Amino acid sequence: MQEFYSITPTKVVFSKPKRDKLWELAQKRSSDIDLQAIKTICPALEHQIQKSLEQGNNIQSAVFSECVYAQTFANMLKLDLFVNCADNPNFIPSSVANLIQSYNLVPRYVYSTKDRRRMLIQAGGYGGVDSALITVIDLVIYTIEFKEPSARTSDPDLPKYGEDGKIVITQDFLERYPQFEAMLNEKKDLIFFDNIGHNVNDFSEDSINIAVSNNYSKKYADVICTEDINGYFVMMPVNQVQLWAELEGEIRPSGRNHYKVWTPVALRRLMLQYEPVINGDIVKLKKSKLEVRKERGGNGKISGYKITPLFFVYAKDCKDDDNYITFNIMDVQQLNPSIAGKVFFKKLKYEEVKSYYQKMYTRCQIWNKIMKKF
């Protein structure tokens with residue numbers, strides 16, 4: 001922290017509006033995106049976009065931010081050597097590789113001094129942080145979590161509920177995600193079928209603070225890096241994020257992950273509102289009564305049809321005669337509920353954060369001098 005705030009304030013290499021525009025172009029596979037120009041400024045981002053184009057996968061907007069933030073931090077620390085670990089897997093010394101593996105990190109990109117004495121390793125891995133700054137000679141490590149100005153701290157699936165729709169809290173889930181125990185205890189009587197179409201956000205301040213702060217402790221993060229309202233790169237300790245961000249808790253009955261239907265009785269009951277024609281497992285519904293799902297990337301192509309916000313069927317699994325869709329009920333997908341802590345750095349200013357921690361450091365120095373006299 002002391003070193004970070006001794007460096008000249010630095011704006012992120014691509015602003016949030018610029019990243020959003022690039023992300024939109026990448027999702028559309030647009031020829032207007034200048035990959036060579038991006039590579040000159042942020043090679044990790046160029047590689048991620050190139051990989052998404054080659055594999056046909058959509059890239060997450062958060063990945064854009066992670067690459068941009070890592071490059072910005074590397075520029076600040078004068079880590080001028082960039083290495084893609086996929087192309088050069090032996091670049092990282094074995095002692096460093098073993099260290100980051102102990103943090104459940106898988107290296108993706110390295111930003112290093114030319115003598116390899118200091119490295120910023122951009123990483124991934126289940127339950128791990130986004131990056132690690134390592135002094136190679138003595139293996140001193142600082143772990144870093146990169147977060148956009150509005151972001152979820154984590155967003156795991158909740159255990160699947162039964163036909164009654166009542167939330168299920170298992171011991172296994174609490175062992176894996178203990179930071180959410182207080183939030184879940186406040187909603188132990190929640191019934192998802194009573195909350196179709198809207199998220200649950202009315203949690204106590206204490207339970208939300210636990211969900212956010214303990215999330216980072218579990219991931220062994222030392223600091224969070226984000227950008228302020230003017231685009232300047234900012235750092236803060238993970239256990240003090242509540243000083244700088246608005247925090248929210250959220251349960252989404254319709255999370256991002258979906259599976260084969262596990263409450264078939266509830267599905268048939270909820271479909272009755274559409275006056276379906278049902279013949280065994282074959283269902284016929286009027287299209288005008290259903291909302292559509294569209295592919296990501298802004299091309300407007302319909303990917304599926306919503307049968308309430310909890311259930312949907314892919315368009316590819318339907319027969320469509322313009323007025324009705326017909327499908328096998330076994331092809332319907334059910335969205336799994338999820339839980340999250342959320343941070344919003346709506347009013348964050350670099351100078352205010354810097355001033356706060358510089359004053360704190362000065363007070364610590366004075367206190368240490370006093371204690372040495374005794």
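Global size of region 280-351: 17.8, 66 Å for Rg and Dmax (C-alpha atoms, Rg to one decimal, Dmax whole). Protein heavy-atom accessible surface, 1.4 Å probe, per residue over the chain: 51 Å². Between the exposed loop cleavage positions of the chain, defined as trypsin sites (Lys or Arg not before Pro) in a non-H, G, I, E, B DSSP state with at most 15 neighbouring beta-carbon atoms within 10 angstrom, the longest gap is 189-255. Structural size metrics of region 240-363, computed from C-alpha coordinates, are Rg and Dmax of 22.6, 76 Å. Could you calculate, for region 44-102, the ratio of the Cα radius of gyration to the Kirkwood radius, expressed as Rg to Rh? With Rg and the Kirkwood Rh in hand, the quotient comes to 1.02. Residues whose amide H falls under 5 Å from that of LEU190, counting only those 5 or more places apart or on a different chain, are ILE167, with hydrogens built in the peptide plane.
Its Cα gyration tensor gives region 1-136 an equivalent ellipsoid; the semi-axes, largest first and in whole Å, are 25, 18, 13. Normalising by residue count, region 235-294 has a Cα convex hull of 187 Å³ per residue.
Converting phi to 3J(HN,Hα) with the Karplus coefficients 6.51, -1.76 and 1.60 and the offset θ = phi - 60°, region 37-46 yields 5, 5, 4, 5, 8, 8, x, 5, 5, 4 Hz in sequence order, with x at every glycine or proline. Surface composition of region 240-295: carbon plus sulfur atoms contribute 47% of the solvent-accessible area (1.4 Å probe, protein chains only, all chains present). Per the Kirkwood formula applied to alpha carbons, region 172-260 shows a radius of gyration over Rh ratio, Rg over Rh, of 1.03. Bridge orientation summary for the chain: considering DSSP beta bridges with both residues in this region, about 95 percent are antiparallel.
Sorted into 20 angstrom bins from 0, the C-alpha pair distances of the chain split as 24, 51, 23, 3, 0 percent. The count of lysine pairs in region 263-346 whose Cα atoms are under 26 Å apart, excluding pairs fewer than 8 places apart on the same chain, comes to 26.
Quantify, in whole percent, the carbon and sulfur part of the accessible surface of region 173-231 (1.4 Å probe; protein heavy atoms only). Heavy-atom surface of region 173-231 belonging to carbon and sulfur, 1.4 Å probe: 43 percent.
The values are calculated or read from the model by the stated rules, or taken from the named source; none is laboratory data. All values derive from a computational prediction rather than experimental measurement. We place every Cβ from the backbone using ideal geometry, glycine too, and count neighbours over all the protein chains shown. Just the protein is used for accessible areas: all its heavy atoms, side chains included, with ligands, DNA and RNA removed. Shrake-Rupley method; radii C 1.70, N 1.55, O 1.52, S 1.80 Å.
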